[in-house]
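Working notes, structure below.
The values are calculated or read from the model by the stated rules, or taken from the named source; none is laboratory data. Model, not experiment: these values are computed from the prediction. We place every Cβ from the backbone using ideal geometry, glycine too, and count neighbours over all the protein chains shown. The protein model used for the area step is the full one, side chains on, heavy atoms only, and it has no ligands, DNA or RNA in it. Shrake-Rupley method; radii C 1.70, N 1.55, O 1.52, S 1.80 Å.
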Amino acid sequence: MSDNTISKKKAITQGLRDGFPIGLGYFAVSFSLGIFAKSVGCNAIQGIINSFFNHASAGEYAVYSMIGVGASYLEMAIMTLIVNARYLLMSTALSQRIHPNTSFLHRLFIGFHVTDELFAISINRPGFVNPFYCYGAFFIAVIGWCAGTATGIIAGGILPARLVSALSVALYGMFLACIMPEARRHKIVAVLIIISFVLSYIANELSLFAAISSGTKTIILTVLIASVAAIVFPHPEVEDDD
């Protein structure tokens, strides 16, 4: 049975079912982000708001990092846009699976909640994507994401400093888990990661860049490295299309 022929209630129920394990995973990841958020001065309410509007671990980490170095709102907005740019592509791809008669408001809400995992389960549905399936999956997933962040922030305020420091290591483990598989599959990615580390260290240590804020340095390096990599090492599929 395709998504466009089932009832709203059934679509929501199926979305809740498929989104439940995603929500559990989000809770674990965002707990570590909450520990980090507490270290830069965010409270639980601020963490919940940020998590509700920023559904990506990398994007949320970027925001907290920028807060930690005292970056401006503009710098935080630009950095978040760059880090989360891939969701523009996911939303575009998902829009091709939405029924032509779907209202703009539904399309807007579907695009708002796109994440890697929610995109994956939505795009794999048969037929047109039912907006109410997406809402059900997002509802349960975002509860886990926001609750994890808030719990991490609260834990960061009441647990002993040594334990909080130990828990914060999980955040770095999470990012290693994100980059290592790609680095092992593609040597170019591994080299680019090393280059990113080296250039970040140089930009932070050289007095030549002392007048540039940490937030601006991060934005410049992100755009520069990504642009050069895209030009020098284009994706094979892009080359085949020419």
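Here the stretch 74-150 and the stretch 180-207 have alpha carbon centers that stand 29 Å from each other. When restricted to Cα atoms, the stretch 2-176 yields an Rg and a Dmax of 17.2, 56 Å, respectively. Only protein heavy atoms count here; under a 1.4 Å probe, residue 129 has an accessible surface of about 10 Å². Using a probe of 1.4 angstrom and keeping all protein chains present, the accessible surface of the stretch 90-149 works out to 45 square angstrom per residue. Residue by residue, the stretch 106-116 carries 3J(HN,Hα) couplings of 4, 4, 5, 5, 5, x, 4, 9, 5, 10, 4 Hz when phi is fed to the Karplus relation 6.51 cos²θ - 1.76 cosθ + 1.60 (θ = phi - 60°); x denotes Gly or Pro.
Take the Cα of residue 108, step 7 Å toward its Cβ, do the same at residue 229, and the gap between the two points is 3.4 nm. For the stretch 2-176, the carbon plus sulfur part of the accessible surface works out to 72%, probe radius 1.4 Å.
Over the stretch 2-176, Cα pairs under 8 Å with separation of 6+ residues give a relative contact order of 50 percent. With 0.36 nm allotted per residue and the present C-alpha distance subtracted, the residue 53-residue 86 stretch has 10.3 nm of extension available.
Highest mean packing comes first when the peptides 81-88, 131-138 are listed by Cβ atoms within 10 Å, giving 131-138, 81-88. Working note: Karplus 6.51/-1.76/1.60 with θ = phi - 60° gives the stretch 51-67 the couplings 5, 5, 9, 10, 9, 9, 4, 5, x, 5, 4, 4, 4, 5, 5, 5, 4 Hz, where Gly and Pro are set to x. Among the trypsin sites (Lys or Arg not before Pro) found in the stretch 1-73, not one is both in a DSSP coil and sparsely packed, with 14 or fewer other Cβ atoms within 10 Å of its Cβ.
Once the Cα-Cα distance is subtracted from the 0.36 nm per residue extended length, the residue 220 to residue 180 segment shows a gain of 12.0 nm.
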